[in-house]
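A.B. asks: Below: one structure in structure tokens.
The values are calculated or read from the model by the stated rules, or taken from the named source; none is laboratory data. Keep in mind that this is a model prediction, so the values were computed, not measured. Because the Cβ atoms are built from the backbone with ideal geometry, glycine has one as well, and the counts that use them run over all protein chains shown. With ligands, DNA and RNA removed, areas are computed over all heavy atoms of the protein, side chains included. Shrake-Rupley method; radii C 1.70, N 1.55, O 1.52, S 1.80 Å.
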Amino acid sequence: MSVFAISDLHLPLGIEKPMDVFGAGWENYVERTEKNWRSVISENDTVLIGGDVSWAMYLEEAEKDFDFIHRLPGKKIITKGNHDYWWTTASKLSKFKEEKGFDDIIFLQNNAVLCEGAAICGSRGWRSPFEKNFTEEDRKIYERELIRLELSLKEGKKLSGKIIAMVHYPPDFAVDMLLDEYGTEICVYGHLHGAAAWEKRSDKERNILTSADFLKFMPKKIL
């Protein structure tokens, strides 16, 4: 019973928006993801999926993508990415997965989940205030995401002394300080692709980049 992580699946099954237009590295990525996933993950394992799950704009359009994820082995814990426009309220997400029978999928939203003795916490995050063209609207979103992350970490502390965080955007200074405050042992994140994956990835040993293309579509074991 192990914990794996992968993010940025960018599944196009509900709408026609394949990622291979972004280069040869994305060719046949859905098939490669399934093959690699099944080669290392069993039904007793858990997979953390750190956002940008589906290109769908609405939850109904994402059904085929979630059916794909559901048919893969293991329990899946999912947090929001910047392209997950289908993401809606916790009650609607819960109703959706119950109606569709996606009982192996958990959405992380201001909560925490106990897994293999560790509390899985997280939020989407946002672009750093130190980036160019950071706006006041960005600041509002950024500060709101910090609040959501702390809410999740607080819930996690109630479950376990061992914290694993999952965010979509790379942790910046403020996020790292928050993770330190709650004694986070591992943080997985995504969002970065191509050259940026090497240039902008976190230099903290605790923080692990799990963008699907960076991992060559092979889920990474973290626990």
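A.B. asks: State all residues of segment 178-223 that are at positive phi and part of a loop (DSSP other than H, G, I, E, B); if no residue qualifies, say none.
C.D. replies: Those that are at positive phi and part of a loop (DSSP other than H, G, I, E, B): GLY183, HIS191, LYS216, PHE217.
Conditions (1) of a type in the set (Lys, Arg); (2) over 22 Å from SER211 (Cβ atoms); (3) in contact with a helix residue (DSSP H, G or I) (Cβ under 9 Å, 6 or more places away or on another chain); (4) modelled with pLDDT of 95 or more, marked per residue:
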residue	(1), (2), (3), (4)
LEU13	no, no, yes, no
GLY25	no, no, yes, no
THR46	no, no, no, yes
GLY74	no, no, yes, yes
ASP103	no, yes, yes, yes
PHE107	no, no, yes, yes
ALA112	no, yes, yes, yes
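A.B. asks: Contact list please: Cβ distance under 9 Å, first residue in segment 28-53 and free of Cβ contacts under 8 Å to residues at least 24 places away in the same chain, second residue part of a helix (DSSP H, G or I) and open to solvent by less than 80 Å² (accessible area, probe 1.4 Å), pairs at least six apart or on different chains.
C.D. replies: ASN28/ASP20
A.B. asks: Something else: (1) open to solvent by 90 Å² or more (accessible area, probe 1.4 Å); (2) modelled with pLDDT of 95 or more; (3) not aliphatic (A, V, I, L, M): which one isn't true of GLY125, the others all being true?
C.D. replies: With (1) open to solvent by 90 Å² or more (accessible area, probe 1.4 Å); (2) modelled with pLDDT of 95 or more; (3) not aliphatic (A, V, I, L, M) applied to GLY125, the lone miss is (1).
A.B. asks: Residues in segment 154-164: is at least one over 24 Å from VAL113 (Cα atoms), modelled with pLDDT of 95 or more and open to solvent by 50 Å² or more (accessible area, probe 1.4 Å)?
C.D. replies: Here is the first cut: in segment 154-164, the ones over 24 Å from VAL113 (Cα atoms) are none.
No, there is no match, as no residue in segment 154-164 is over 24 Å from VAL113 (Cα atoms), modelled with pLDDT of 95 or more and open to solvent by 50 Å² or more (accessible area, probe 1.4 Å).
A.B. asks: Which numbered condition trips up TRP86, out of (1) touching a residue at least 40 places away in the same chain (Cβ under 8 Å); (2) open to solvent by less than 20 Å² (accessible area, probe 1.4 Å)?
C.D. replies: Answer for TRP86: the failing condition is (1).
A.B. asks: Please go through segment 165-193 and pick out each residue that is closer than 17 Å to LEU114 by Cα and in contact with a Phe, Trp or Tyr (Cβ under 6 Å, 6 or more places away or on another chain).
C.D. replies: VAL167 - this is the single residue of segment 165-193 that is closer than 17 Å to LEU114 by Cα and in contact with a Phe, Trp or Tyr (Cβ under 6 Å, 6 or more places away or on another chain).
A.B. asks: Please go through segment 39-56 and pick out each residue that is acidic (Asp, Glu) and open to solvent by 50 Å² or more (accessible area, probe 1.4 Å).
C.D. replies: Within segment 39-56, just GLU43 meets the criteria.
A.B. asks: Which of the residues that make up segment 91-100 are over 18 Å from VAL47 (Cβ atoms) and either open to solvent by less than 60 Å² (accessible area, probe 1.4 Å) or not small (Gly, Ala, Ser) (or both)?
C.D. replies: Result: LYS92, SER94, LYS95, PHE96, GLU98, GLU99, LYS100.
A.B. asks: From LEU59, LEU72, LEU108, LEU114, which residue is under 30 Å from GLY183 (Cα atoms) and open to solvent by less than 30 Å² (accessible area, probe 1.4 Å)?
C.D. replies: Answer to the selection: LEU108.
A.B. asks: For segment 135-175, what are the residues that are basic (Lys, Arg) and closer than 17 Å to ILE120 by Cα?
C.D. replies: Within segment 135-175, ARG148, LYS154, LYS157, LYS158, LYS162 qualify.
A.B. asks: Then there is this: Kindly evaluate GLU137 against the criterion of being without any contact (Cβ under 8 Å) to a residue 12 or more places away in the chain, in a loop (DSSP other than H, G, I, E, B) and loosely packed, with under 15 Cβ neighbours inside 10 Å.
C.D. replies: The answer is no for GLU137.
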